[in-house]
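First comes the structure, then the notes that go with it.
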Amino acid sequence: MEKIYSKLGRLPDLRRVADFLQDFTGFIRVEEGMLFYLDSKLIVSLWRDDPVDIRDIFKRLPEEFLIEVYRCSREELREILKERLGEDIFKVEEESPLISVLLDSYNSIYHHIDDGSYEVTLIPKRFCSDRGIIVFKDREEVLALYYTRDKTLEGIRALGKIRAVFAVSEMKGFIREISKEEMEEYMRKYPQGVLKRSISLEELIERIRSKGPSKVIHNHSLMDVLSEEPSLLEIDGKMYIVSRDRKPVYAFFDKYRGDKAYRYIKNYCLFRDVEIRVYPLSREEYRMFRDFKDIKLG
């Protein structure tokens, strides 16, 4: 670590110094505030040891203050932030810089996320050994987890716990934008934590079809094909029925959904020679159809 700048200045001087730094990894110290940069991107701002918005630091500074700039390596920055923020929280990631803020209410999370996928990790100031995680897609909660020393809550129970803790404690929030693949990994790893599926019906069908059918049946009665185990039936490559216990449960075709789609498909199969591809469904895949309420029969 190397001090590369030290001078008394005012707020415009601080802004000029920050704008001037190129390819900078390190931190700027001002009074009791610290601004941490990775490759010239602000990733965390602290007042004492509390994450705050950089605008809050500007408001707390006196008219004149000492500006100190320290350059350090990526690993040195990692170690400094591990010490201040906790080893389990901070990861230096070029593609997904971490935003650290102090949150005083649940709704204040929405000031720091936008459309897209976000991971929000929450640490209650009053219960610092606890951890809450919420995954958002397009500003909607799709998964929630809450960890204490002796148990883990998932899904709606975790979200309820997080909201309850906000009523009695501020939270340190660590927010980063995540990729579609990272979000899907969360969904696979914590199926009980899912609040809302972020996958479209078309994406779900393509995922199932990509595994290939277990069998292909030609010119056979639709009622005889309905399976005991959860299955997706694809009729002539454009109509779909999800069956279980030899009964149709979901149906969809083009603009038709639910009962209307099933009646259309059943009549279609009566008068044509059709090809039916059968795709077995895992328990998790079958459960994912529940989110598409308009395709359910009955």
Study note, to complete from the structure: In the chain, taking the dipole from +1 charges on Lys and Arg beta carbons and -1 charges on Asp and Glu beta carbons about the Cα centre, the listed residue (Ser179, Leu222, Cys72) farthest towards the positive end is Leu222
Practice item. List the relative contact order of the stretch 124-204 as a percent without decimals, with contacts defined as Cα pairs under 8 Å and 6+ residues apart. Key: 33 percent
Exercise for review: Give me the aspartates and glutamates in straight-line cross-link reach of Lys59: C-alpha distance below 16 Å, same-chain residues under 8 apart excluded.
Suggested key: Asp13, Glu31, Glu32, Asp50
Review point. What is the local net charge at Phe24, summed over the other residues whose Cβ is closer than 10 Å to its Cβ (Lys, Arg +1; Asp, Glu -1)?
Key: 0
Exercise for review: About the Cα centre of the chain, how large is the charge dipole given +1 on each Lys and Arg Cβ and -1 on each Asp and Glu Cβ? Please answer in debye to the nearest 20.
Suggested key: 1180 debye
**Study point:** Length-normalised contact order of the chain in % [C-alpha pairs under 8 Å, at least 6 apart]
**Key:** 12 percent
Study note, to complete from the structure: In the structure shown, of Lys196/Lys296; Lys196/Lys293; Lys82/Lys172; Lys137/Lys196; Lys255/Lys296; Lys172/Lys196, the pairs separated by more than 21 angstrom at the C-alpha atoms are Lys172/Lys196
Check your understanding: Using the alpha-carbon centroid of each, what span in Å lies between the stretch 219-298 and the stretch 9-56?
Key -> 57 Å
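What does the highest-first list of 44-54, 285-295 look like by mean Cβ count within 10 Å?
Result, highest mean Cβ count within 10 Å first: 44-54, 285-295.
None of the figures in this text is laboratory data; all of them are computed from the coordinates on show. Note that the coordinates shown come from a computational prediction; the quantities given were computed from them, not determined experimentally. All Cβ positions, even for glycine, are placed from backbone atoms using ideal geometry, and neighbour counts span all protein chains on display.
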